[in-house]
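What follows is a set of notes on a single structure, which appears directly below.
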Amino acid sequence: MRIVFVGPPGAGKGTQSARLVSRLDVPHLSTGDLLRAAVNEQSPLGKMADEYMSAGRLVPDHLILKLIGERVLRDDCADGYLLDGFPRTLVQAQAFDDVLAEVGESIDAVIELVVRHEVLVKRLAKRGRSDDTPEVVSKRLRGYEEQTRVVTGYYQDRGIVFRIDGEGTPDEVTARIERAVAEASGGRLRRPN
Ligand code: AMP
């Protein structure tokens with residue numbers, strides 16, 4: 001299955017996406033991770049991306065599309081993948097659809113983890129990271145909300161967006177996600193080992 005996973009900082013996206021990729025046995029494709037690897041390798045793309053990333057800006061769409069377009073064509077993506085941090089703009093969503101359409105594929109599900117703003121602010125404050133001050137947290141959450149609206153709005157009409165309640169215990173949230181994925185896959189989800 002090809003899944004887009006979205007969730008604000010503090011929603012438990014790291015934990016839940018790790019569980020989901022191990023359950024589905026598909027690669028976890030985080031554009032942030034791929035970009036950081038490219039920066040470390042000092043590849044031409046990494047050098048270009050570095051400027052934007054260190055300024056906290058989005059890397060231009062054409063660079064991201066090249067990066068992810070090449071990655072999803074690798075053999076390990078044949079049975080699907082989980083996209084994390086991509087698409088982040090309308091241009092990315094549309095262009096990626098075109099890439100998939102060329103090989104007769106499409107996104108199967110968009111999983112959105114939903115946690116109330118005040119709960120996120122509290123959770124992030126507890127982490128106590130230096131970039132977790134109330135102002136910075138609010139700014140990141142606002143940025144996230146704008147980005148997510150674009151992405152979920154784009155896929156909404158296809159009926160593949162699953163808004164998952166991200167509050168409760170991690171196991172409760174996992175169970176909700178697995179139900180949504182089972183529904184999206186039309187029951188093709190493998191039983192746990
Ligand atoms: P992340 O780890 O997802 O927070 O991404 C870290 C940084 O990588 C972001 O601040 C952006 O500069 C860049 N980035 C990651 N994914 C994308 C994307 N889909 N489009 C543009 N820039 C991205």
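The values are calculated or read from the model by the stated rules, or taken from the named source; none is laboratory data. From a predicted model like this one, the values you see are computed outputs, not experimental measurements. Please note: Cβ atoms are built from the backbone with ideal geometry, for glycine as well, and neighbour counts cover all protein chains shown. Just the protein is used for accessible areas: all its heavy atoms, side chains included, with ligands, DNA and RNA removed. Shrake-Rupley method; radii C 1.70, N 1.55, O 1.52, S 1.80 Å.
Values for this structure:
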| item | result |
| --- | --- |
| Estimated FRET transfer efficiency when R0 is 25 angstrom, pair Glu41-Asp75 (beta carbons, to 0.05) | 0.75 |
| Distant alpha-carbon pairs in the stretch 72-183 (separation over 17 angstrom), percent | 64 percent |
| Amide H partners (placed H, <5 Å) of Ile164, local residues excluded | Glu112, Leu113, Val114 |
| Prolate/oblate/rounded call for the stretch 103-144, Cα gyration tensor, a/c under 1.5 rounded | prolate |
| Prolate/oblate/rounded label for the chain (Cα gyration tensor, a/c 1.5) | oblate |
| Surface share of carbon and sulfur [accessible, 1.4 angstrom probe, percent] for the stretch 26-141 | 52 percent |
| Computed accessible area, Thr31, all protein chains, 1.4 angstrom probe, square angstrom | 10 Å² |
| Accessible area of Thr174 in the full protein assembly, 1.4 Å probe (Å², nearest 10) | 20 Å² |
| Where Phe96, Phe162 fall by accessible area, highest first, once all protein chains stay in place (1.4 Å) | Phe162, Phe96 |
